[in-house]
Amino acid sequence: MIPINNVFENLDATYKAFKDFIIDRNYSEQNNEICWPSYKSGISKQVYSKQYEDLIANRQFTFLLTDRSAVQIYYSYDNTGLKKIRLAYYPAPKTINIEREDIDTYYGETFSEALEAHYMLLHDLMGQGISVSNTTHVRFDYDRDVTSHNTNHLQIDGIQELRIPFKHIILPFHFVDFIIQNTYSDEYFKINKSPNIVYLLASSNKNLTDVDIGHDYYSIFMSM
Amino acid sequence: MQYISGSLGHNSSAEEKIIGTQINSDFVSFEGTLGYRMPSVGMQGKDIPSFIAQIYEHGILIIDIVSEHILGPADDSDEYWITETGVTIPSRDIVIDNFEREIQNRLKQDGRVYDRRTGQLKIVIGKVLVFCNTPADKIASLNLINPHIDRNSITSYIRSFIRNSNNSIYVSKQSQSLIEGTKVFAKARKAVLNPESTLLGDLIDRSMDNTFTLDEEQRKVSMQIPSGPQRIRGLAGTGKTVILALKAALTHKEDEKLRILSVFNTQSMYNQIHDLITKYYTYETRSSPDWSVLEVMHAWGGKGRAGFYYSVCKRFGLNPFAYGDVKNQLDPLEFIFTDLLRKLKSLNPDPYYDMVLIDEAQDFPQPFFEVIYLLTKNPKRIIWAYDEFQSLNELKIKEPRDLFGLDNEGNPNIPNTELEGTYIGGIEKDFILSNCYRNPRITLMTAHGLGLGIYRKEGIVDILSDNKSWSAIGYRVLKPNKSTFKEGDQVEIERPETFSKNILEKILKEKAADDKQLVSFESYSSWKEEYDSVAQKIHTLISTQGISPEQIMVITLATLGTGELFGYMRQQLDFLGVKSITPGYIESADTFQEKGFVNLLTPYRAKGNEANIVFVTDAQFAITNTSFRSRNAAFVSITRSRGYCYISGNGRRINELAEEIRHISNDYPRFNFKFPSEEELKRRRVILNKAENEIEKSQRQIDELISKNPEILIETLRQNPDLLSKIIKKDDSN
């Protein structure tokens, strides 16, 4: 199991490697935790744009990227070692191109009462000038002590039933590298061969920890 | 002596009015204040003696006028008196004793006027009862403790008091602020460890460490309840908001049944006004204001907060518009109030406000004022504070005739003449505040100079054309010697030092430092170079000069790609370990001056706020933007500064701007210019008054034409020799 100091060093090196993509950093190591100051646990059950706004307003992020997306990196340890991880990606909300009249139509067409209420709410929100956003957040969670589901998994927003199990416990670099690679691909491929990043990737890989997840869906998905 | 007439025109006896004028003339050659039932030191109504004179270097004299014919004590206790008409009133003898004790209690808070060892006040307090209609034998039956005189001996009594109170240490501005309760507005004191330090942070802390005192102008206008409409004119930072809050609190205290509305346009002012009223009212009455009769409201309303528009709709059973319904209108505020006005007129509502105080009146559309007029009872106590220079396209102040609408016969509801002359106590109905507290003089003059384009190469953008308008914004015209200027006049105007109450400026002068350093200018070849350098400078200020990040504002004049510029600045600052926020781009729009964060703002977001350190970046836009709006933005941005203002810009035309600023600095504290022709001004005003999007659209079309189809442009010009010759003529470059 990788010690907390090494995770912190990895995080620091990650910032330095990708600092051109980052406009605000916000992390420290304190009381066996690597996280942002004023850490609040729990995920707000809000519409995504509000989740994002709350996160910015309360500075619940480790990195703010130049495209305004936010990254959370949280590692927590206790006497027996690594206890919890939360690695989350919150893209800047993108509004969808939709008119209030369209919602009227959907409302008229739906057969579901629940969705009727949903459309009505959307209609009201748009009337108040709130734009509708389709985006959502995605995160890796690790919880050593959880028994009801897999300890290490990928989860998409509030979908509780479909946690995608993961074999490896990853490091900050893996997560940020993955995000930059996919969201800034042009710029990323200008720097990914730099000795700095090559070295970081190699040393991070060396420190991957495996967990027993029974069925390795990740590998299955990756090989499809 | 300054006469503060308070509610003298509102509720007073005939004797009090006459005697007031007489006492005022007795004191006329002395410095200090004479108040009618002012200051109130937390007492109310008849518990306050008629006149309180605070005479600098002499003492305080309390004079109570007993107008009634008193028959004698009402019972054995001497606590009540009975009048000829059979009414029982509290003993005035006791009233002035109680009042004196309250003044003493307040003065004891200040070690400079109170000796704690001996328990002695160093200020002499005198008190006297003046009987107007009570015969001597009946006065004798009252067993008075305090001196009493008849109305004919007031003058000689005052003279002897002044003679005998020569040794009173000092009744001064400090003691006055204690007595009148305005010390509650003093900015939080920060211990100043080293008064000799020249670190910027220490200088700024020292400038914050001062007792708030109303100046004479402010006191005069705030401590009075006018008996009709009143306009208060002044630049930003002249204390308009404090004055309106005081007037509201004071009127509420005077008569808690009066229905008062305090209304404004900027959401963020809600807390400020609430605080000001609460602080003063609570200190004075030891109770909380009753917000059900004293309504503090935003014109429209916001998240969960009552707004004026919504509350009126609700009251009259009308269906209000939501912001979403009207946000595509050219001016949503004008739209909703036009609609409301139309509906109200057909309902013929009973007015229900006794007094309405409007802050930021320059931001409101005309129908808003007419709605206020409809809902205010006679004598239409509508008081509106107007910023003379909030925007360039509103250089000409809107007169009451144009604001409050017409009556059934087509006559103005409030004709302009209603602002002529004075209310009782000699207080102008059209009141001008010329002292500026926020901005240092060089800062204000740089802002005015750039905003008006006084030294613009291609000619002045817009200008005030008469003597009175210049004095309304705190300047003195030296030349020409006439009231209205004409084309070709050589104009020379000065901003006198006395109108500048900025403390930092004074501190620098004490240290024999040049106050011009409060504004500086720097040019760069590229925006990156500029931003890197500004980030460095901010870092230096924080790390070596003791400035805290939240005291710093960075305002960009760039109108395009602002989000990216802020992103870059934030990143550069983050590299240096400085934290910043970008309200309206990343953080929500109402986030401001959070502890530990530098503020990156647009001029629009910065409006209404102030900071000790202001950086104005991309200042070249003030020159390059053809609509002149960026000059206005430059004005707004620079005037946010109550301390140091750093202006910078980049690109090809930055030298033109540098030249203008150099010119302003050279002529400081004066402006010298030749008055432009009426035609020139008219043409530029047309541009100034065009809707923003219209200008942008035209500009885009021209740009497109030049880049894609220059032939069309050339051909069009060939066929329009008039237009062509206008372009070629030098002063017509706009």
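The values are calculated or read from the model by the stated rules, or taken from the named source; none is laboratory data. Computed from a prediction, not measured in an experiment: that's the story for all the values here. We place every Cβ from the backbone using ideal geometry, glycine too, and count neighbours over all the protein chains shown. Note: accessible area is taken over every heavy atom of the protein model, side chains too, but ligands, DNA and RNA are not part of it. Shrake-Rupley method; radii C 1.70, N 1.55, O 1.52, S 1.80 Å.
Things to note:
- Note on A:62-70: average number of Cβ atoms from other chains within 10 Å of each residue's Cβ is 2.
- Summarising the strand pairing of chain B, around 35 percent of its internal DSSP beta bridges are antiparallel.
- Rounded accessible area per residue of the stretch B:2-180, 1.4 Å, Å²: 44 Å²
- Close amide H contacts of B:V616 (hydrogens built in the peptide plane, cut-off under 5 Å, sequence separation of 5 or more or a different chain): B:I555, B:Y646, B:I647, B:S648.
- Each peptide in B:272-280, B:667-675 was scored by the mean count of other Cβ atoms within 10 Å over its residues; highest first, the order is B:272-280, B:667-675.
- Ordering B:500-512, B:324-336, B:372-384 by mean Cβ neighbour count within 10 Å, with the highest value first, yields B:372-384, B:500-512, B:324-336.
- Diffusion constant of the stretch B:2-180 at 4 °C, which comes from Stokes-Einstein with the Kirkwood Cα-pair radius and 1.567 mPa s, µm²/s: 77 µm²/s
- Computed over chain A with a Gaussian network model linking Cα atoms closer than 10 Å, the most mobile of A:Q51, A:Q155, A:Q181 is A:Q181.
- The alpha carbon radius of gyration of chain A, expressed as a multiple of 2.2 N^0.38 Å, is 1.14.
- Shape call, the stretch B:346-429: gyration tensor on alpha carbons, a/c limit 1.5: oblate
- Charged side chains reduced to their Cβ positions (Lys and Arg at +1, Asp and Glu at -1) give the stretch B:528-571 a dipole of some 60 debye around its Cα centre.
- Between A:S203, A:S112, A:S76, the Gaussian network model of chain A with springs among Cα atoms under 10 angstrom shows the greatest mean-square fluctuation at A:S112.
- Between B:A589, B:P496, B:G561, the Cα set farthest toward the positive side of the dipole of the stretch B:474-592 (charges on each charged residue's Cβ, about the Cα centre) is that of B:P496.
- Residue-averaged [θ]222 nm for the protein assembly as shown, counting only DSSP H segments that reach four residues, each worth -39500 (n - 2.57): -11500 deg cm²/dmol
- Karplus-derived 3J(HN,Hα), 6.51/-1.76/1.60, for each residue of the stretch A:134-147, Hz, glycine and proline x: 9, 6, 8, 10, 9, 8, 9, 10, 10, 9, 3, 8, 6, 10
- Net charge contributed by nearby residues that have their C-beta within less than 15 Å of B:R652 (K/R +1, D/E -1): -3
- Cβ crowding within 10 Å averaged over residues, with B:347-360, B:711-724 ranked highest first: B:347-360, B:711-724
- Counting only heavy atoms of the protein chains and using a 1.4 Å probe, A:D78 has close to 50 Å² of accessible surface.
- Net charge, B:N319 excluded, C-beta distance under 12 Å - Lys, Arg +1, Asp, Glu -1: 0
- Computing FRET efficiency as 1/(1 + (r/R0)^6) for B:Q490 and B:E196, where r is the C-beta to C-beta distance and R0 is 60 Å, gives about 0.85.
- By accessible area with a 1.4 Å probe, ligands and nucleic acids excluded, highest first: order of B:F597, A:F189: A:F189, B:F597
- Sorted from greatest to least, the principal axis extents spanned by the alpha carbons of chain B come out as 104, 67, 54 Å.
- Rounded to the nearest 20, the Cβ-based charge dipole of the stretch A:71-224 about its Cα centre (Lys and Arg +1, Asp and Glu -1) stands at 1040 debye.
- Dimensionless Rg over Rh [the protein assembly as shown; C-alpha; Kirkwood]: 1.03
- Dipole orientation for the stretch B:1-157: of the candidates B:I145, B:Q44, B:L129, B:Q44 has the Cα lying most toward the positive pole (charges on Cβ; Lys, Arg +1; Asp, Glu -1).
- Normalised per residue, the volume of the convex hull around the Cα set of the stretch B:577-618 (Å³): 93 Å³
- Each part reduced to its alpha carbon centroid, the stretch B:597-643 and the stretch B:247-263 end up 36 Å apart.
- Interchain or long-range residues, amide H under 5 Å from B:M38's placed H: B:I52
- Residue-wise HN-Hα couplings along the stretch B:613-627, as the Karplus relation 6.51 cos²θ - 1.76 cosθ + 1.60 with θ = phi - 60° gives them from phi, are 10, 10, 9, 10, 9, 6, 5, 4, 4, 4, 8, 7, 6, 6, 7 Hz; Gly and Pro carry x.
- Placed amide H near B:G72: partners under 5 Å, 5+ positions off or other chain: B:I82
- A simple charge model with +1 on the Cβ of Lys and Arg, -1 on the Cβ of Asp and Glu and nothing else charged puts the dipole of chain B at about 920 debye relative to its Cα centre.
- Overall form of the stretch B:226-433 per C-alpha gyration tensor (a/c, 1.5; a/b vs b/c): rounded
- Selection from A:N79, A:A57, A:S69 lying farthest towards where the dipole of the stretch A:46-103 points positive, charges on Cβ: A:N79
- Cα→Cβ-extended label distance, 7 Å offset, between B:E334 and B:R116, nm: 6.1 nm
- Gaussian network model of chain A, springs between alpha carbon atoms under 10 Å - residue of A:Y52, A:Y89, A:Y119 with greatest fluctuation: A:Y119
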